[in-house]
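**Q** I have a structure here, written as structure tokens, and I will follow up with some questions on it.
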Ligand code: C2E
Ligand code: CA
Ligand code: CA
Ligand code: CA
């Protein structure tokens, strides 16, 4: 038994070693990926589900790794947050997405105004040049503040309340919108929510895509929509996959939506052919 124990310990150890090495190369690769231009911005349409109209896109990063192939953001974002490479990556995403919106605006003016939503991580808010960088990119691209929304999570709100309120207030002065992302999945910041100048809440796709009449997820979604209406915030439901889910959300008073029912995240070319080339509705 002893020998076997030692044996299985060895196997476990070897596995852990492989995982650690994988993680290490992933982290080193992340640092190089920006210079090597391995990241791509994908765009997922966000729609007005009352008027059935396109209102903008969420920018989502994609990593085309030279040997691993496609790596999911769910896998590398946590690693990027750990080793700090998330800060230059998010800054690059912000710049790329704003440039793209400016191009689309001049190419397809009849579809505008459209908004671009960009994800932030906690470390982005700690960067000394955060506001400065936004101002620079805005003046370079000519994109007005009202065309930009920044998505932050609940946990980012309660980290450093005073500083966060100050930063968000500076964003509001620039007419940039603030979305509370993944609402309901993290810390419950209900007590704090009214203190932040947020414009909308995003209901996480894990709730919406698992909705069934009367089940727990349905209750959660219904409660978040009621809360948003009460606080005067808009609400965006992510992860709408079926016409039934769409109908429930409309009945519950949700105004905006995003999900595979409308479209998966798409490349620039695909967005142009599927959403921007034809005449607007
Ligand atoms: P998120 O901000 O909650 O983004 C929405 C995620 O839901 C995306 O996954 C999107 O592809 C997925 N989704 C959209 N509609 C549906 C649907 O109908 N059904 C299902 N099952 N899923 C749907 P993605 O692109 O894999 O991104 C995962 C997460 O990675 C994002 O979650 C976000 O937290 C993070 N992320 C992505 N891009 C960036 C970035 O540029 N910067 C930062 N800081 N985080 C990012
Ligand atoms: Ca998001
Ligand atoms: Ca998120
Ligand atoms: Ca989410």
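**Q** Does anyone have the angle between helix 73-83 and the longest principal axis of the chain? Alpha-carbon axes, 0 to 90°, nearest 10?
**A** Here the helix axis deviates by roughly 70 degrees.
**Q** Helix 216-231 against the longest principal axis of the chain: what's the angle in degrees, Cα atoms only, rounded to the nearest 10?
**A** Compared with the principal axis, the helix lies near 50 degrees.
**Q** Here's a follow-up. Just grab the label-to-label distance for residue 169 and residue 195, each label 7 Å out from Cα along the Cβ direction, in nm (one decimal).
**A** Result: 1.3 nm between the two label points.
**Q** Mind checking the angle between helix 2-33 and the chain's longest principal axis? C-alpha axes, 0 to 90 degrees, to the nearest 10.
**A** On a 0 to 90 degree scale, this one is about 40.
**Q** Follow-up question, since we're still on this one. What is the Cα centroid distance between region 200-220 and region 240-281, reported in whole angstrom?
**A** Using only Cα atoms, the two centres lie 17 Å from each other.
**Q** I've got another one for you. Rounded to the nearest 0.05, what FRET efficiency do residue 231 and residue 62 have when you use their Cβ-Cβ distance and R0 = 22 Å? Walk me through the intermediate numbers first.
**A** Working: r = 34 Å, r/R0 = 1.53.
Calculated transfer efficiency: 0.05.
**Q** What length, rounded to one decimal in nm, is gained on full extension from residue 140 through to residue 206, with 0.36 nm per residue of separation minus their alpha-carbon distance? Mind showing how you got there, number by number?
**A** Working: separation 66, 0.36 × 66 = 23.76 nm, distance 3.68 nm.
My answer for the length gained is 20.1 nm.
**Q** How would you rank 70, 57, going from fewest to most other Cβ atoms within 10 Å of each one's own Cβ? Can you show the working numbers first?
**A** On the way: 70 9, 57 27.
By the 10 Å Cβ count, ascending, the order reads 70, 57.
**Q** While we're looking at this one, here's another question. Going out from 0 in 5 Å bins, what whole percent of all Cα-Cα distances in the chain drops into each bin?
**A** 1, 5, 11, 15, 16, 16, 14, 9, 5, 3, 2, 1, 1, 0, 0
**Q** Measuring from label point to label point, each 7 Å out along Cα→Cβ, what is the residue 103 to residue 83 span in nm?
**A** In this crude spin-label approximation the distance works out to 2.9 nm.
**Q** Testing the spin-label approximation: label points 7 Å from Cα along Cα→Cβ at residue 277 and residue 70. State their distance in nm.
**A** Using points 7 Å along Cα→Cβ, the separation is 2.1 nm.
**Q** May I ask you to sort 87, 47, 268 by Cβ crowding, counting other Cβ atoms within 10 Å and putting the fewest first?
**A** Numbers: 87 19, 47 22, 268 15.
With the fewest neighbours first, 87, 47, 268 line up as 268, 87, 47.
**Q** Taking Cα centroids, how far is region 73-96 from region 152-166 in Å?
**A** Computed from Cα coordinates, the inter-centre distance equals 19 Å.
**Q** Decide, for region 108-190, between rounded, prolate and oblate: order the square roots of the alpha carbon gyration tensor eigenvalues as a ≥ b ≥ c, take rounded if a/c falls under 1.5, and otherwise choose prolate if a/b is larger than b/c, else oblate.
**A** Values: a/c = 2.46, a/b = 1.48, b/c = 1.67.
Judged from the Cα gyration tensor, region 108-190 comes out oblate (a/c at least 1.5, b/c at or above a/b).
**Q** According to the square roots a ≥ b ≥ c of the eigenvalues of the Cα gyration tensor, what is the shape class of region 174-281, taking rounded for a/c under 1.5, prolate for a/b larger than b/c otherwise, and oblate for the remainder?
**A** Values: a/c = 2.09, a/b = 1.32, b/c = 1.57.
Since a/c reaches 1.5 but b/c is at least a/b, the shape of region 174-281 is classed as oblate.
**Q** Starting with the fewest neighbours, write out 140, 154 ranked by other beta-carbon atoms found within 10 Å of each beta-carbon.
**A** Numbers: 140 12, 154 21.
Listed from fewest to most nearby Cβ atoms, that is 140, 154.
**Q** According to the square roots a ≥ b ≥ c of the eigenvalues of the Cα gyration tensor, what is the shape class of region 45-169, taking rounded for a/c under 1.5, prolate for a/b larger than b/c otherwise, and oblate for the remainder?
**A** On the way: a/c = 1.59, a/b = 1.22, b/c = 1.30.
Oblate shape, in that a/c is at least 1.5 and b/c is the bigger or equal ratio.
**Q** Another question, if that's okay. What FRET efficiency would be calculated for the residue pair residue 247, residue 185, taking the C-beta separation as r and a Förster radius of 35 Å, to the nearest 0.05?
**A** Values: r = 24 Å, r/R0 = 0.69.
With R0 = 35 Å, the Cβ-Cβ based efficiency is 0.90.
**Q** Here's a follow-up. Looking at the chain as a GNM with Cα springs under 10 Å, which of 52, 181, 13 has the largest mean-square fluctuation?
**A** Looking only at 52, 181, 13, the largest GNM fluctuation is found for 13.
Each reported figure results from applying straightforward, stated rules to the coordinates on display, with no laboratory input. Keep in mind the model is a prediction, meaning the values are calculated, not measured. Here the Cβ is made from the backbone with ideal geometry for all residues, glycine too, and neighbour counts use every protein chain on show.
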